[in-house]
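J.: Here it is: the structure, laid out below.
The values are calculated or read from the model by the stated rules, or taken from the named source; none is laboratory data. Predicted model only: the values in this text are computed from it and were never measured. Ideal geometry is used to build each Cβ from the backbone, glycine not excepted, and the neighbour counts take in all protein chains shown. For accessibility, only protein heavy atoms count, side chains too; no ligands or nucleic acids. Shrake-Rupley method; radii C 1.70, N 1.55, O 1.52, S 1.80 Å.
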Amino acid sequence: DEIKRQHGQVEKVAGDAIMAYWQGSDTPQGAHNMCAYQACYTALQLRDLIHKIAASADGWPFPNHPLQVDVALATGPVAAGVLGSAKANPALLGDTANLAFRLEKMIGADTPGDIIMDGTTYELIKEHFTVHPLGSYTVKGRQRAVDVFRLLSLNT
């Protein structure tokens, strides 16, 4: 619901993973900025929601198994289309979707509930959010290292 409230689309739910996207246009840069902003804002909202659920025994009755959400954000072009059934949600294909998947795998057990993003996303949102640079990392399928940032909060 939070993803949809922020104008995102859920592409798939697979086990404990959710793949979502925000669709911009090919032209005005402002559309890309808005999509990146909405994705970051949603990630922070989801983190807060998970904390509220986890704090309540009614919401999460498993004290020995912490509830957390790891989020990875990447901005760029993807191919989106329906594969298989015409009733299916669009599938996301391409380098940007792969990058988001690879970034999420970088979140370690020492930083559960982390929200990380690539440098492209950072450049679009840096005036609106507080972030912490994590460095440049070699990512499978990429020839150049990827700058990675941790999303901390919305600037007020």
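J.: Identify which of the listed values of Rg/Rh (Cα atoms, Kirkwood Rh) was calculated from the structure shown: [x] 0.96; [y] 0.99; [z] 1.03.
T.: [x]
J.: Order 5-13, 70-78 from most to least packed using the mean count of other Cβ atoms within 10 Å. It would help to have the intermediate numbers written out before the result.
T.: Values: 5-13: 14.4, 70-78: 20.4.
Final packing ranking: 70-78, 5-13.
J.: Measure off, as a whole percent, the carbon and sulfur share of the 1.4 Å-probe accessible area of the chain, all protein chains present. Show your work: numbers first, answer last.
T.: Values: 5190 of 9940 Å².
The computed percentage sits at 52.
J.: Whole number in Å², please: accessible area per residue of segment 72-156, 1.4 Å probe, ligands, DNA and RNA not counted. Mind showing how you got there, number by number?
T.: Numbers: 5100 Å² over 85 residues.
Heavy-atom SASA per residue in segment 72-156 reads 60 Å².
J.: Now a separate question. Can you return the lysines within cross-link range of Lys52? Criterion is Cα-Cα under 23 Å, with same-chain partners fewer than 8 residues away left out.
T.: The reachable lysines, counting only those whose Cα sits under 23 Å from Lys52, are Lys4.
J.: Of the peptides 130-137, 119-126, 43-50, how do they stack up when ordered by the mean number of other Cβ atoms within 10 Å, highest first? Kindly include the intermediate steps, with their values, before the conclusion.
T.: On the way: 130-137: 12.6, 119-126: 20.0, 43-50: 16.9.
Ranking, from highest mean packing down: 119-126, 43-50, 130-137.
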